[in-house]
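Student: Could you have a look at this structure, given as structure tokens, before my questions?
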């Protein structure tokens with residue numbers, strides 16, 4: 001394989017991983033932008049959707065219907081979480097909300113362990129998702145291309161939604177200043193619920209793509225990817241939607257780059273390098289790449 | 001010295017201001033508390049069964065962990081989620097030092113000779129482990145402590161992941177993901193509780209000192225504190241490093257109590273349980289930390305027994321591993337919603353005041369003009 005093809009191959013890899021991170025990071029960034037809430041439980045929404053889809057597939061439903069049901073399950077779970085766990089905390093301190101989401105995670109993961117057993121289960125994606133497309137010497141997993149395409153469509157749709165629709169504009173207003181938005185007559189609860197619904201829907205989609213990629217699912221499957229998505233949204237600037245997407249692709253590229261560049265003795269340490277780079281980056285740009293540089297007013 | 005104002009002291013509390021009486025009243029509380037603790041521990045170690053003894057030791061270790069976490073998270077408001085990383089560093093460092101030489105040859109054959117050929121006693125190993133944790137805290141704290149609120153939490157979680165990755169992969173030192181076994185069971189009720197008492201005393205004194213006021217000032221209003229000449233970075237870093245030292249010590253004690261562990265022992269479940277104790281007791285309150293630890297440790301121990309399943313005669317409950325964690329999580333959310341400042345709300349239990357009230361009838365009432 002020539003150098004150019006290798007580069008292209010790795011580029012597709014990076015964009016595909018970055019797309020998954022982007023879909024997760026957006027869900028995190030939307031909620032954080034409005035509520036200043038770091039929603040750890042986002043990863044468990046991924047897990048919920050994947051399990052629902054898997055169970056329905058095992059019951060004999062075709063993949064697409066099971067996938068739709070799984071995504072719906074994620075969305076509903078996200079809305080329930082917002083209503084039950086986060087709404088009572090409206091206006092609470094950032095740390096109180098963070099800790100609540102941490103305990104929601106513990107709650108959901110242990111519930112899943114009880115319901116579905118702690119061991120992992122194989123997740124058999126349909127043949128369409130497992131195919132390999134050969135172009136010359138280039139071998140590209142069809143899943144990578146599908147992930148990139150789905151992410152592109154969803155990101156485009158989301159951009160239009162946020163820029164053009166009334167509720168999208170209200171959402172941006174709420175993330176600028178929640179109190180002022182409320183004073184302007186915006187139904188803040190509806191806006192927040194919408195943000196959760198969209199974020200959870202994206203989480204459901206990511207869950208399916210991720211499970212198809214890894215080939216198995218387990219109750220703790222959501223934690224690691226979402227931690228990475230956090231890193232992505234912090235790189236981009238917590239709360240900024242374009243920042244989250246940029247951060248996600250930067251992270252995807254970084255991971256593939258480290259995978260290729262690190263000597264083989266150090267490749268197991270890849271995640272340590274990713275987080276170390278995050279910490280170093282925050283030192284120079286404490287608010288991320290696109291984070292607000294607005295000074296605190298006294 | 002005699003003129004130094006007592007924190008929270010009320011005027012007219014000491015009617016006879018001779019030096020001897022002052023010294024007595026100063027020493028009274030620590031002596032009563034320590035004496036009570038010593039008697040209680042003596043009774044436990046003499047009469048209690050193994051199970052109760054275990055719980056008392058676990059409580060002691062958790063007291064250190066939570067008081068140390070309070071020093072950084074409660075006093076400075078820098079909410080670290082990665083302290084379990086320091087516990088892991090302390091546990092592994094101390095265990096590598098104390099592991100008997102013949103076990104090192106079997107379990108850790110790739111150790112450098114200066115480490116593999118000798119085994120240290122418990123105390124120096126624990127101190128070195130604490131110092132290593134502190135050095136790591138200094139190294140990462142120099143950048144982490146400059147960040148703001150939520151960013152610090154995410155970045156410290158990143159630190160925890162880094163520690164995990166290193167523990168799992170540094171085979172020659174840690175046996176990787178496999179169990180690290182054969183640590184000598186040096187931890188006893190006595191050495192654990194001596195460390196616990198020292199920790200509580202140290203955290204309490206630091207909280208009452210000028211450093212403690214700097215930390216709380218920086219927490220409550222960063223800009224105001226800076227304008228009064230408080231170096232926010234320095235006070236945060238100081239709290240973070242001291243806290244890491246104590247957490248490393250607790251890690252060593254825990255390792256020499258449990259005697260076998262793996263990197264998994266130091267991940268989110270452990271992080272969550274320590275944070276729960278801290279928040280339920282109340283951030284920023286040392287006595288609250290102790291109360292939170294006792295409540296949660298006993299409660300989770302009871303739940304752990306219950307989740308193995310039990311038989312009520314008419315009703316047989318199957319084992320439900322994980323149910324205790326679920327209940328804990330629900331309890332935690334309820335506390336945050338209904339009592340967000342924790343049970344003590346950042347205040348301290350005023351032992352001196354309680355003692356004074358108990359002994360009040362034997363003393364003269366303070367005169368009006370003293371007040």
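Every number here is computed from the coordinates shown, using simple stated rules; none is lab data. Please read all numbers here as calculations on a predicted model, not as lab measurements. For neighbour counting, all protein chains shown are included, and Cβ atoms are generated from backbone atoms with ideal geometry for every residue, glycine included.
Student: Normalised by the number of residues in chain A, what is the relative contact order in percent for Cα pairs under 8 Å and 6+ residues apart? All intermediate terms of the calculation are to be shown ahead of the outcome.
Tutor: Values: 446 pairs, mean separation 104.0, N = 298.
Answer for chain A is 35 percent.
Student: Shifting gears a bit: Order by neighbour count: A:82, B:348, fewest other Cβ atoms within 10 Å first, most last. Could the numbers behind the result be given before it?
Tutor: Details: A:82 22, B:348 18.
Fewest to most other Cβ atoms nearby, the residues stand as B:348, A:82.
Student: I'd like the distance between the alpha-carbon centres of the range B:32-101 and the range B:174-226, rounded to an integer number of Å.
Tutor: Spelled out, the Cα-based centre of one part sits 9 Å from the other.
Student: Roughly speaking, what is the stretch gain from residue B:306 to residue B:40, that is 0.36 nm per residue apart minus the C-alpha to C-alpha distance, in nm to one decimal? Show your work: numbers first, answer last.
Tutor: Values: separation 266, 0.36 × 266 = 95.76 nm, distance 2.72 nm.
Using 0.36 nm per residue and subtracting the Cα-Cα distance, I get 93.0 nm.
Student: For B:338, B:159, what ranking results if the residue with the fewest other Cβ atoms within 10 Å of its Cβ goes first? Walk me through the numbers on the way to the answer.
Tutor: On the way: B:338 8, B:159 27.
Least crowded to most crowded, the residues run B:338, B:159.
Student: Would you calculate the separation in nanometres between label points at residue B:213 and residue B:226, each defined as 7 Å from the Cα along the Cα-to-beta-carbon direction?
Tutor: Between residue B:213 and residue B:226, the simple spin-label model gives 2.2 nm.
Student: Computed over the Cα atoms of the protein assembly as shown, what is the convex hull's projected area averaged over all directions, in nm²? It would help to have the intermediate numbers written out before the result.
Tutor: Numbers: hull surface 151.2 nm².
In nm², the orientation-averaged hull projection of the protein assembly as shown is 37.8.
Student: Between the alpha-carbon centers of the range A:109-146 and the range A:49-74, tell me the distance in whole angstrom.
Tutor: 14 Å
Student: Still on this structure, please answer the following. Pop a pseudo-label 7 angstrom from the Cα along the beta-carbon direction at both residue B:52 and residue B:170 and give the gap in nm to one decimal.
Tutor: Distance between the two pseudo-spin positions: 4.1 nm.
Student: Per the helix-only calculation at 222 nm, which mean residue ellipticity applies to the protein assembly as shown, given -39500 (n - 2.57) for every DSSP H run of n ≥ 4 and division by its residues, nearest 500 deg cm²/dmol? Can you show the working numbers first?
Tutor: On the way: 28 runs with 462 residues, N = 669.
Using -39500 (n - 2.57) per qualifying helix, the result is -23000 deg cm²/dmol.
Student: Efficiency by 1/(1 + (r/R0)^6): what FRET value for residue A:5 and residue B:294, r their Cβ-Cβ distance, R0 = 51 Å, to the nearest 0.05? Intermediate values should be presented prior to the final figure.
Tutor: Details: r = 64 Å, r/R0 = 1.25.
For residue A:5 and residue B:294, the calculated efficiency is 0.20.
Student: With a ≥ b ≥ c taken as the square roots of the eigenvalues of the C-alpha gyration tensor of the range A:140-298, please select rounded if a/c is under 1.5 and otherwise prolate if a/b is larger than b/c or oblate if it is not? Mind dumping the intermediate values first?
Tutor: Working: a/c = 2.34, a/b = 1.42, b/c = 1.65.
It comes out oblate by the Cα gyration axes.
Student: I need the calculated FRET efficiency for the pair residue A:153 and residue A:280, taking r as the beta carbon distance and R₀ as 25 Å, to the nearest 0.05. Could you put the intermediate results ahead of the total?
Tutor: On the way: r = 34 Å, r/R0 = 1.38.
Efficiency at R0 = 25 Å is approximately 0.15.
Student: Now a separate question. So if each residue of separation counts as 0.36 nm, and I subtract the Cα-Cα distance between residue B:21 and residue B:103, what length gain in nm does that give?
Tutor: Extra length available between residue B:21 and residue B:103 comes to 23.9 nm.
Student: Rounded, prolate or oblate: pick one for the range B:177-252, where a ≥ b ≥ c are the square roots of the eigenvalues of its C-alpha gyration tensor, a/c under 1.5 means rounded, and failing that, prolate if a/b is larger than b/c, else oblate. Intermediate results must be reported in sequence, preceding the final value.
Tutor: Working: a/c = 5.14, a/b = 2.18, b/c = 2.36.
Judged from the Cα gyration tensor, the range B:177-252 comes out oblate (a/c at least 1.5, b/c at or above a/b).
Student: With the Cα gyration tensor of the range A:59-172 giving a ≥ b ≥ c as the square roots of its eigenvalues, does the rule (a/c under 1.5 for rounded; else a/b larger than b/c for prolate; else oblate) give rounded, prolate or oblate? Please list the in-between numbers first.
Tutor: Numbers: a/c = 2.32, a/b = 1.35, b/c = 1.72.
Judged from the Cα gyration tensor, the range A:59-172 comes out oblate (a/c at least 1.5, b/c at or above a/b).
Student: Please work out the FRET efficiency for the pair residue B:190 and residue A:59, using the Cβ-Cβ distance as r and a Förster radius of 60 Å; give the result to the nearest 0.05.
Tutor: After rounding to 0.05, the efficiency reads 0.50.
Student: Can you give me the distance in nm between label points at residue A:264 and residue B:29, each placed 7 Å from the Cα along the Cα-to-Cβ direction?
Tutor: 6.4 nm
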